Amino acid sequence: MDGDLAPVPELARCARAHDAWLLVDDAHGLGVIGEQGGGVLEHFALGSDAVPILLGTLGKAFGSFGAFVAGSAALIELLIQKARPYLYTTALPEPVAAASRAALALVRSEGWRRERLRALVRRFREAAGAFGVSLLDSATPIQPVLLGTPAAALTAQRTLAAAGFWVVAIRPPTVPAGRARLRVTLSAAHSEAQVEALAQALGHACAGVRNA
Ligand SMILES: Cc1ncc(COP(=O)(O)O)c(C=O)c1O
C-alpha cells in the first residue's frame, strides 16, 4: 500500500535465527522489480534458502490469472496432498496457463518495459511535485497520495474519475485509520502525456480536498 520494499534480507536473517520459515508474497514485485523481473528475491539476490516459500500472482504484471507457490519439492508435494483450497479448486484453464507462460517469456526478455516504467515513475513524481501533490517516498509504480480521511480519499477519487482518471481510494481497514489515500498505479503502457495530465488532475483534486 505504501509502494515500499520490505527489508527481506533482515527478515530472512531473523527467520533463520529463530528456525522459522519466511514466506514472501511478491504479488507486486514479480515482473516489475529485479533485472529480469524476478521480484524482490532477484532484487536482493536471495534464494530459496533465505525464502523457502515464495507466493506469486499471475494477475498483476503478468496480465493473466491465477497464482503460484514456489519452494522445495517436499513443500510443493505437501501442498498438493494437503492444501484443501488447492485440492478442491478446478485447475486453471489451459489457455490461461499458456497466457501466463507467454507473459513469463516477455517478462524475462523485455527489460525495456521495466525501464520505461521506472522512467514514468520518475516523471510522475517530478510532475506531482510541480503540481503541489505530496507523495509517500516510493520508487515503485505504486505511488500513494496520503489524504487522511476516507471521505477525502473518496472525494478525490470522484474528482479524478470525472476528469477521466481511474485512481482508487484505499481506506481503513486496508490501511491504518487516518492514512486513507489514493493509490496511483502506473503501467508501462501509460504515456508520458497521460502521466503528466494525471499529476495535474491530482494537484487539482488534492487542492479541492484541502479547501473543502
Ligand atoms: C499482496 C497481494 N497478494 C495477493 C493478491 C491476490 O492476487 P490474485 O487476486 O491475483 O490472486 C493481491 C491482490 O491484490 C495482493 O495485493
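May I ask for the angle, rounded to the nearest 10°, between helix 94-109 and the longest principal axis of the chain, with both axes built from Cα atoms and the value confined to 0 to 90°? The helix 94-109 is inclined about 70 degrees to the chain.
Annotation: amide H of residue 184 within the under-5 Å range of 143, 145, sequence separation 5 or more or interchain, hydrogens built in the peptide plane. Highest mean first, the peptides 177-190, 122-135 sorted by other C-beta atoms within 10 Å per residue fall in the order 177-190, 122-135.
Between the helical axis of 150-162 and the longest alpha-carbon principal axis of the chain there is an angle of about 80 degrees. Gain on full extension, evaluated as 0.36 nm per residue between residue 91 and residue 15 minus their Cα-Cα distance, stands at 24.1 nm. Each Lys and Arg adds +1 at its Cβ and each Asp and Glu adds -1 at its Cβ; summed about the Cα centre, the stretch 1-125 shows a dipole of about 460 debye.
Listed values for the stretch 163-179 are Karplus-derived 3J(HN,Hα) couplings in whole Hz (6.51 cos²θ - 1.76 cosθ + 1.60, θ = phi - 60°), namely 8, x, 10, 9, 10, 8, 7, 10, 10, x, x, 5, 10, x, 4, x, 10, and x replaces Gly and Pro.
Using θ = phi - 60° in the Karplus curve 6.51 cos²θ - 1.76 cosθ + 1.60, the 3J(HN,Hα) couplings for the stretch 196-212 round to 5, 5, 5, 4, 5, 4, 5, x, 5, 5, 5, 5, x, 5, 4, 7, 6 Hz; x is entered for Gly and Pro. The distance from the alpha carbon centre of the stretch 48-95 to that of the stretch 134-180 is 31 Å, rounded to a whole number.
All of the numbers you see were taken from the coordinates with simple rules; none came from a lab. What you see is a predicted model, and the numbers here were worked out from it, not measured in a lab. Glycine gets a Cβ as well: all are built from the backbone with ideal geometry, and neighbour counts include every protein chain shown.
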